[in-house]
Structures are given as structure tokens and as C-alpha cells.
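Please read the structure below before turning to the comments.
The values are calculated or read from the model by the stated rules, or taken from the named source; none is laboratory data. As the structure is a computational prediction, the values presented were derived from the model and not from experiment. Note: ideal-geometry Cβ built from the backbone for every residue, glycine included; neighbour counts use all protein chains shown. With ligands, DNA and RNA removed, areas are computed over all heavy atoms of the protein, side chains included. Shrake-Rupley method; radii C 1.70, N 1.55, O 1.52, S 1.80 Å.
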Amino acid sequence: MTMREFLRSPSGVGSAFPASAALVRAALDPVDFSAARLVVEFGPGEGPFTRELLRRMPAGSTLLTIDTSHRFTRYLQESLPDPRLHAVTGSAASLNVILRRLGLGPVDRIVTGIPFSTIAPDLGARILDSSVEALGEQGQIIAYQMRDAVAPLLAARFAEVRTARIWRNMPPCRIYWASGRSG
Ligand SMILES: C[S@@+](CC[C@H](N)C(=O)[O-])C[C@H]1O[C@@H](n2cnc3c(N)ncnc32)[C@H](O)[C@@H]1O
């Protein structure tokens, strides 16, 4: 399914292959989800992160996924019948409008697979500005990327940014963990 959507929109989907189990573990293992009440995932695609997030999140929490492709949204709704999952079609740049509409917030964790190197630079900046606005005091954003276009966008907005390279993924990826508002 990811391959088909990639062929429809190469710059929006960014990769022809879903994330590997090794990438999902490497990105999520250092993050505490045990007390998370609201987690947002941008660009869930066919859901390799979504499944693992639901496994790690507590009962009674909410996972809001936002993807521009209605095909990915419908696939998640049909394949993951979990009452904690709210799968929405839309742009991550509209995060705060979507949260207000659903009466949700603040956000504890944001996981993003959006390809910041191939989307328009001003859209990337708007997505991260919306993320900063939505995240609570102890909020954290986790980004996995093939290239490093997201690095300066994160450094301009967050006080702490850690990164690691993951080779066991097609293609190899970089993960960023960012927290604390800068300035
Ligand atoms: C690299 S794929 C990641 C898919 C999946 N998370 C995985 O790991 O296999 C990028 C995803 O971001 C979505 N996307 C691209 N731009 C977006 C935007 N502005 N808002 C929300 N989703 C977006 C695409 O439709 C696609 O599902």
C-alpha cells in the first residue's frame, strides 16, 4: 500500500517502504509513554508506528493520527479497531484546528514521519509551529527522516534535540527527539 501511495505522491509520501520494526523500536524505546494521555502521529501511512504506539500507550489514552491520504486513514480505521485511535484525514499544519474540533489537548508526544526534505519548506515550518503550540510543558516530538532538512527547524524551536542514525531500515534513517521550548 505504501508503494502505491508513493507512486501517487512521491514528494508527499517520501518513501516507497513502510518503516522497519528496527526503526520503530529505535525511535520509541527511549520515550516514556506510560503516562501519556494524548499522542499525535503525523503521517502514519499504513501504521507501523501506530500499532506499536497503541501497544505502549495506557488504557484510556488517545492516539490521534493525521494523514493527508484518505486511503491511509481508511486503512487504519479498518485494520485497527481500537477505541483509543482517532484516525483523521488532513494536514499536520492544521493540528490545532483538528484538536479544537475534537476537544483534545494538550499533546504529550508527537511522532512524525512527514518527509520534511521533500515538502515545501514553509509547510514544514508551519507544521512545527503548530506542534510547539499544541505540546504541553513536558511534551516531546520524535521525527524520523531520510535526510536532515528537519534538523534546523527543530533546533530553532526546541531547547534539546538528540539524534541517532538507524541503518536497519530501507532507506537508512535519522531519528530526532526534541523537547523543551527554546527562547
Ligand atoms: C514516509 S511516509 C511514513 C509512513 C509511515 N509512518 C511509516 O513509517 O511507514 C510519510 C507519510 O506522511 C504523510 N504526509 C505527508 N505530508 C503530510 C502532511 N502535511 N500532513 C499529514 N500527513 C502528511 C504521507 O501521506 C505519508 O503517509
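Summary of computed values
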read-out	value
Sulfur and carbon atoms: percent of accessible area, segment 2-175 [1.4 Å]	54 percent
Rh (Kirkwood; distinct C-alpha pairs) - the chain, Å	16.2 Å
Extended-chain gain in nm, criterion 0.36 nm per residue less alpha-carbon gap, Arg165 and Leu123	12.6 nm
Cβ-placed point charges (K, R +1; D, E -1), dipole of the chain about Cα centre in debye, nearest 20	220 debye
Full-stretch length increase - Leu102, Ser20 - with 0.36 nm per residue and alpha-carbon distance subtracted	26.4 nm
Percent RCO, i.e. relative contact order, over segment 28-124, from Cα pairs under 8 Å lying at least 6 residues apart	34 percent
Whole-number accessible area per residue in Å² for segment 2-175, which is evaluated in the context of all protein chains at 1.4 Å	48 Å²
